[in-house]
Amino acid sequence: MVYSLLRELLFLLSPEMSHHTALRALKLAYQLGLNGKAESLVGTPVEVMGLKFPNRVGLAAGLDKNAEFIDALASCGFGFIEVGTVTPRPQPGNPHPRLFRLKSAKAIINRMGFNNHGLEYLLGQVHKAQYQGILGINIGKNFDTAVERAADDYLIGLRKVYTHAHYITINISSPNTPGLRSLQYGEDLRRLLVALKQEQILLAAEHSRYVPLAVKVAPDLSPEEIAGIAEVLLDCEMDGLIATNTTLDKSAVAQLDYGAEQGGLSGGPLTERSTEVIRLFHQHLGTRIPIIGVGGIMSAQDAVAKLQAGAALVQIYTGFIYAGPTLIKDCVQACD
């Protein structure tokens, strides 16, 4: 009830302003001790990618792009936190407005464009955080780096964040960086992942610590494309798959205000498609590569459906905005 009232006040602001206001308010509440202890909700611990997660419910990348709110977000009860997407160099992202609410559909369209303060800033924020739980860092390429040179940016990101992350996510599925999604297919994907795997092996030897690599994919994939991606993931011995990012299919919201805006759609309209993509990937990957399910988790039942489709963990973002911290608790309890 309290969150519902707060949400309505926040929704009076523009989406991007309310986003920043809510995070600053959450951080202030945490600093004042109003959030309780910064501990994960009690759940059944689970081992995934060689890491022990205190519960199955994490925060998806995108909410805390610059790692400025790790402790405050952790106090909500997430079993793990993923920050980013971060690029080697700071970049402003796409022009405003670039974030749109579709309240009746419990959805969001964004075309943020990897707006972030860059690797150095993010790592400084990670260093300041008191959080001792599982931290994922999501890395991408700068918008002005040619797709043919994308591996250079990902390798920079991998090297920089390696000792600061428990796992690293390779984001090749945002629809808001031109050409990025082409890296999901065929030899382009294979070349990128071979380069990253080789570097991961070198870094593991150098630091005497193995940090898993997960690949984040789009929901807009055919069964044949899913089969091809799965084959490359297995061949390149990736440690995890995150399915899925936002969708370009806006047919479910075409008649709504802002439903035709460019960008990726998240929230309720993505629920079923994301779960189906997880199911199809699981048919190819089995238990060899664990899946983190994300996309349209608006209720505890949605989280359970992701697990039933083959996910080992789940992440929430848009559902957290619409439902608040109660959703985390509900999902943790349902996923036990």
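Expressed as a whole percentage, what fraction of the accessible surface of the range 245-308 belongs to carbon and sulfur atoms when a 1.4 Å probe is rolled over the protein heavy atoms? List each step's numbers first, then the result.
Numbers: 1400 of 2970 Å².
About 47 percent, which is the carbon plus sulfur part of the accessible surface.
Exceeding 27 Å between C-alpha atoms, which entries from my cross-link table qualify? They are LYS106/LYS141; LYS65/LYS250; LYS160/LYS250; LYS65/LYS128.
Details: LYS106/LYS141 30 Å; LYS65/LYS250 25 Å; LYS160/LYS250 36 Å; LYS65/LYS128 15 Å.
Checking Cα-Cα distances, LYS106/LYS141; LYS160/LYS250 exceed 27 Å.
Sum -39500 (n - 2.57) across every DSSP H segment of at least 4 residues in the chain, then divide by the residue count to get the 222 nm mean residue ellipticity, nearest 500.
Values: 11 runs with 129 residues, N = 336.
-12000 deg cm²/dmol, from helical runs alone.
For the range 144-298, rounded, prolate or oblate, judged on the Cα gyration tensor with a ≥ b ≥ c (square roots of eigenvalues), a/c < 1.5 rounded, else prolate if a/b > b/c? Walk me through the numbers before you get to the answer.
Details: a/c = 1.94, a/b = 1.59, b/c = 1.22.
Here the range 144-298 falls in the prolate category.
Of all DSSP beta bridges located in the chain, what percent are antiparallel, nearest 5?
Values: 13 of 42 bridges.
Among the beta bridges of the chain, antiparallel pairing accounts for roughly 30 percent.
Determine the per residue accessible area of the chain with all protein chains present and a 1.4 angstrom probe, expressed in square angstrom. Numbers along the way, then the final one.
Values: 14330 Å² over 336 residues.
Normalised by residue count, the accessible surface of the chain is 43 Å².
For the charge dipole of the range 213-296, defined by +1 on Lys and Arg C-beta atoms and -1 on Asp and Glu C-beta atoms about the Cα centroid, which residue among PRO219, ILE292, THR246 has the Cα displaced farthest towards the positive pole?
Farthest towards the positive pole: ILE292.
Across the range 136-151, in residue order, what do the Karplus-derived ³J(HN,Hα) couplings come to in whole Hz, using 6.51 cos²θ - 1.76 cosθ + 1.60 with θ = phi - 60° and x for Gly and Pro?
x, 10, 9, 10, x, 9, 5, 4, 9, 8, 4, 4, 5, 10, 4, 4
Contour minus end-to-end for LEU5 and LYS128, with contour as 0.36 nm per residue of separation and end-to-end as the Cα-Cα distance?
Working: separation 123, 0.36 × 123 = 44.28 nm, distance 3.21 nm.
Here the segment from LEU5 to LYS128 would lengthen by 41.1 nm.
Counting just the Cα atoms, what span does the range 241-336 cover along each of its three principal axes? Round to the nearest Å and put the largest first.
Taking the Cα atoms of the range 241-336, the three principal extents are 41, 32, 15 Å.
I need the fraction of alpha carbon pairs in the chain separated by more than 27 Å, rounded to a whole percent. Intermediate values should be presented prior to the final figure.
Numbers: 21835 of 56280 pairs.
Counting every Cα pair in the chain, those more than 27 Å apart make up 39 percent.
The values are calculated or read from the model by the stated rules, or taken from the named source; none is laboratory data. Note that the structure is predicted; figures quoted are calculated from it, not measured. Here Cβ is always computed from backbone atoms with ideal geometry, including for glycine, and neighbour counts include all displayed protein chains. When the accessible area is computed, the model is the full protein with side chains, heavy atoms only, and any ligands, DNA or RNA have been set aside. Shrake-Rupley method; radii C 1.70, N 1.55, O 1.52, S 1.80 Å.
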